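Asks: Mind having a look at this structure? Questions to follow.
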Protein chains: 4
Amino acid sequence: MAAQVIVLNGGSSSGKSGIARCLQAVLPDPWLAFGVDTLIDAMPASMRASDAGIEFAPDGEVIVGAEFRSLEAAWIEGVAAMARAGAGVIVDEVFLGGAASQQRWQKALGGLDVRWVGVRCEGGVAAAREVARGDRITGMAVSQADVVHQGVVYDLEVDTTHTEPMQCARIIAASLR
Amino acid sequence: MAAQVIVLNGGSSSGKSGIARCLQAVLPDPWLAFGVDTLIDAMPASMRASDAGIEFAPDGEVIVGAEFRSLEAAWIEGVAAMARAGAGVIVDEVFLGGAASQQRWQKALGGLDVRWVGVRCEGGVAAAREVARGDRITGMAVSQADVVHQGVVYDLEVDTTHTEPMQCARIIAASLR
Amino acid sequence: MAAQVIVLNGGSSSGKSGIARCLQAVLPDPWLAFGVDTLIDAMPASMRASDAGIEFAPDGEVIVGAEFRSLEAAWIEGVAAMARAGAGVIVDEVFLGGAASQQRWQKALGGLDVRWVGVRCEGGVAAAREVARGDRITGMAVSQADVVHQGVVYDLEVDTTHTEPMQCARIIAASLR
Amino acid sequence: MAAQVIVLNGGSSSGKSGIARCLQAVLPDPWLAFGVDTLIDAMPASMRASDAGIEFAPDGEVIVGAEFRSLEAAWIEGVAAMARAGAGVIVDEVFLGGAASQQRWQKALGGLDVRWVGVRCEGGVAAAREVARGDRITGMAVSQADVVHQGVVYDLEVDTTHTEPMQCARIIAASLR
């Protein structure tokens, strides 16, 4: 059976979105790609800076509230339904809760063929890329680099520290065959 | 039963996204809001200018291909699943096919409490706002202003020609009670 | 002599940028248009949240430091030089310091034919549009609505409360002849 | 005398903007940074797809017209004036005309201490990064990779093929002392 969902998990500025776009370019069929930003953009503006929603601390730490979790759960169910309806779906995620975050997705994706891909990048390199991008809160890259992988189980891991996004995408695509 | 899905349908630059954001601000519970751009951004870049995907003609007309339709169908199923999972969802749509487009959504949203809202705007006013926004292909506003409403059935219609997005949102929110 | 610089001054979400884009569309010659965001985007990221640079308080107030002023002064000289080199230039500004802000520009634009245009919008309406846009810090519209006009002298004033950006642009363009 | 202007020249997706942002972060004083996109965004929308303005051919080639050149000349004079007014300015440019493009800047920057930096990247690597970014017209990276350096004279060259933007920025910053 062909893979139906590819979950890319890694810290901020680890290169997940670039890999997702390259995967869309190299995979033979058209896949949908969603990032954690898709969900955040869909939430009410008030939830981006409130106790109920998501908060970006000055040091780059991300704090998530109960109402965020509730909307996120519905979002995850929706993504699973898209795959069940026949679309290949690439999910670009930041498992702030490590294994607990993965379990939320595993539960919703039950019965689907999912490939779990860890996207690693040395904290110092990710932090420098965060500066180069200029659109992220400084500190997120370092604070997330390791914590998002704690206890997470992967089918495959790639490391963007010395490997280009396109090369990582080719490795992932080859593993699907 | 409380409404679970609000579908805002209108042409480009008619003010749908603004109304969606205002709805998120005035509704008592947190709602997710997705636009047609959410889906387009999720598609492979190659589909944005190909026979299989979506094409923006120089006069602003939008042409959609078979693979686009396939991914769109999965997307619509996903949005329906989010509402079934308990999230209120606002959908900001452009029914290029009029009644046929509405039927695609109606089929997927079966069993849910959906409010269909027509967002009107005089073509000339929408065209001028398209220029003011500066991020849209000139001509989309006029070419879509009427065609998107052909044969579509609404619970409620608002007109942004002389009414602010926030006022439209309040009218829609009041109708949900 | 033809006007060489048009300065649009108004609070956040008063509609200045939309008017600027419409002016570019209706004026017979090509004009350059710059906003206060052009300058902010050109500054080091570190200045967007520091004592030396610019700070957005939670209530939407904007606080500006000494190093910001220094780079701003050079920016203003540069914009004046573009007009002296023959380009028509539209400047979309927020005179947080009222008359003092205008004097900074007046000094740099000496000898050029400048049209000062006040862009008014009722605070409540601007605040609602701020919500509809969704990309601004809530509160800026109200906190800036009046203060930016204090002591400022205009050749012309427009009010977007009930008038579309394109219509405002036509009024301004007509006044240039 | 301290450097007053740093001109980074390289093809699309060669990494110039990332280097510019890293330079702003590592240089001891605050510098302004402008890209070729700053100028394009300032132009009338109509010039982005017209004979008089700038045109992006389907293969990624960029064609520039007479009115574009006229506004560009004024822009360059303005940037020079900012440096003369005391601001350090980083310019991120694409010398589509090679040596002829450099001469346009050299003429305007006369009397200023300018550092000319070539930003190289192997065409194949730049093309893959163009796919990963997802916001550029496919083909620009390859079509510009070599042509922008033809006949251009540099104080320093960096190559992002195997070197991170931050490391390139540190090399450039060290050369200024």
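Throughout, read-outs are computed from the coordinates displayed, never taken from laboratory work. Only a predicted model underlies this, so the values are computations on that prediction, with no experimental measurement involved. As a convention, Cβ positions derive from the backbone with ideal geometry for all residues, glycine included, and neighbour counts pool all protein chains shown.
Asks: With the condition kept exactly as written, say whether any residue in the range D:50-65 is surrounded by fewer than 16 Cβ atoms within 10 Å (Cβ to Cβ) and among the hydroxyl-bearing types (Ser, Thr, Tyr).
Replies: Within the range D:50-65, one or more residues are surrounded by fewer than 16 Cβ atoms within 10 Å (Cβ to Cβ) and among the hydroxyl-bearing types (Ser, Thr, Tyr).
Asks: Taking the range C:1-31, which residues are touching a Gly at 6+ places or on another chain (Cβ under 7 Å) and assigned to a strand (DSSP E or B)?
Replies: Within the range C:1-31, C:ASN9, C:TRP31 meet the criteria.
Asks: Could you check the range D:73-87 and list, in sequence order, the residues that are of a type in the set (D, E, K, R) and more than 11 Å from C:ALA87 (Cβ to Cβ)?
Replies: D:ARG84 - this is the single residue of the range D:73-87 that is of a type in the set (D, E, K, R) and more than 11 Å from C:ALA87 (Cβ to Cβ).
Asks: Another question, if that's okay. Being more than 10 Å from chain A (Cβ to nearest Cβ) and touching an Asp or Glu at 6+ places or on another chain (Cβ under 6 Å) is the filter here, so list the residues in the range D:10-35 that pass it.
Replies: Of everything in the range D:10-35, those that are more than 10 Å from chain A (Cβ to nearest Cβ) and touching an Asp or Glu at 6+ places or on another chain (Cβ under 6 Å) turn out to be D:SER13, D:LYS16, D:PRO30, D:GLY35.
Asks: Select from the range C:37-49 the residues that are more than 7 Å from every other protein chain (Cβ to nearest Cβ) and crowded, with 20+ Cβ neighbours inside 10 Å and list them in ascending order.
Replies: Hit for the range C:37-49 is C:LEU39, nothing else.
Asks: Which members of the range D:154-177 meet the condition of being touching a residue at least 24 places away in the same chain (Cβ under 8 Å) and of a type in the set (S, T, N, Q)?
Replies: Those that are touching a residue at least 24 places away in the same chain (Cβ under 8 Å) and of a type in the set (S, T, N, Q): D:THR160, D:THR161, D:SER175.
Asks: Separate question: Which of the residues belonging to the range A:131-160 are in contact with a Gly (Cβ under 9 Å, 6 or more places away or on another chain) and closer than 23 Å to D:LEU23 by Cβ?
Replies: Correct list: A:VAL131, A:ALA132, A:ARG133, A:GLY134, A:ARG136, A:ILE137, A:THR138, A:GLY139, A:MET140, A:ALA141, A:VAL142, A:THR160.
Asks: Something else: Within the range A:67-177, considering only helices (runs of 4 or more DSSP H) that don't extend past its boundaries, which have at least 3 residues that are surrounded by 17 or more Cβ atoms within 10 Å (Cβ to Cβ) and within 13 Å of chain D (Cβ to nearest Cβ)?
Replies: A:123-133, A:165-176
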